[in-house]
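First comes the structure, then the notes that go with it.
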Amino acid sequence: MDTPLHALPAFALGPVEVTWPVVTTWGIMAGLTLTVMVLRPRLALRPSRAQAVLELLVTTLDGEITATVPGNPARFRALIGTLLVFVLCANWSSLIPGVEPPTAHLETDAALALLVFVSSIFWGIRARGLGGWLASFAHPSWVMIPLNLVEQITRHFSLMIRLFGNVMSGVFVIGIALTLAGLLVPVPLMALDMLTGAVQAYIFATLALVFIGSSVSEDDAPPPPAKETPHD
Amino acid sequence: MTDLVQIVSVFSAAMAVGLGALGPARGEGRSVAAALDAIARQPEAAGTISRTLFVGLAMIETTAIYCLVIALLLLFANPFVQ
């Protein structure tokens, strides 16, 4: 049955069925990698047009990261930037006829949210040590431990559901409009879908950064040892 | 029996999306109004305010998305319909 909750198999690799979202995901990954491999040897001190666009993207990203998590933005640039670019390309891939965005299926979003979940734990342990990270669950008082534990799960769950719901509903609405009316009626809806896709990619990257940043932030870490005042 | 379950499921899906859109719509309207008010008072803080606004809107919107997911489950993956 063709429902938004079920992905259609593209081909079978032995006993394993490979679904269309997986094929589209690998297509996007190959496209992005090829673009970077073509552009990278051409980096110059006097930037070309494509290099200027990439540098603008990286500079804006660095600004956003520094505004959310103070410190060196290069720590998070690779992860957050890749998430942003990938989700954006995946959301906009519905503009290619016959392609359904992989983010409109729950599995892709679950994988992305799981990535953010694991990396927030990784950065939290790396920034505070295992004991400090565990102690951060009891931060205001020990009463908050169950709530903090539940929050860790639910906020990443809602990260998954939010991306899935927005992208899938966009695709769904365009499909309904296409079955009801003719050729040009879905075009404004597709423009709206492009806007939604861009906003959702931005929100996904920002929320991933906020979640990782909140596990890294130093505001509830023990204060650094006070310097001894010289006797005089 | 299954017919009745299907009828109730379709009706509840429509109710879930319709009623579930009311609260988030009001909440998002209030937060956007407050953000516009803040930007009008302090235009130099527009960047910070709009970034916080986007994150907050995403959080509010999640409740509506939950309703949408419930409606989809009722329509396409209903456990009470074989």
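Read-outs throughout are calculated quantities, based only on the coordinates presented, and are distinct from any laboratory measurement. Everything numeric in this text was worked out from a predicted model, so none of it was measured. Cβ coordinates were reconstructed from backbone atoms using ideal geometry, including for glycine residues, and neighbour counts include every protein chain displayed.
Some notes on this structure:
- Degrees, to the nearest 10: A:20-39 long Cα axis against longest axis of chain A: 70 degrees
- Placing a label point 7 Å from the Cα of residue B:30 along the Cα-to-Cβ line, the residues of the range B:57-76 whose backbone N sits under 16 Å from it are B:57-64.
- Efficiency of FRET from Cβ geometry, residue A:59 and residue B:52, R₀ 22 Å, rounded to 0.05: 0.55
- Span from the the range A:98-157 Cα centroid across to the the range B:5-37 one, whole angstrom: 27 Å
- FRET efficiency estimate (nearest 0.05) - Cβ-Cβ, residue A:74 to residue A:35, R0 30 angstrom: 0.90
- 222 nm mean residue ellipticity, helices alone, for chain B (DSSP H n ≥ 4; -39,500 (n - 2.57); rounded to 500): -31500 deg cm²/dmol
- In this calculation the C-beta distance from residue A:177 to residue A:51 is compared with R0 = 51 Å, giving a FRET efficiency of 0.80.
- The ratio of the alpha-carbon radius of gyration of chain A to the globular-protein estimate 2.2 N^0.38 Å is 1.25.
- For chain A, the longest principal axis of the Cα atoms and the long axis of helix A:145-180 meet at an angle of about 20 degrees.
- Stokes-Einstein D for the range A:127-222, Kirkwood Rh over Cα pairs, 4 °C, 1.567 mPa s (µm²/s): 80 µm²/s
- Taking each DSSP H run with n ≥ 4 as -39500 (n - 2.57) and averaging over every residue of chain A yields -24000 deg cm²/dmol at 222 nm.
- Axis angle, to the nearest 10 degrees, between helix A:186-216 and the longest C-alpha principal axis of chain A: 20 degrees.
- Inter-site label distance for residue A:190 and residue A:114 at 7 Å from Cα along Cβ, in nm: 3.3 nm
- Based on C-alpha pairs under 8 angstrom that are at least 6 apart in sequence, chain A has a relative contact order of 25 percent.
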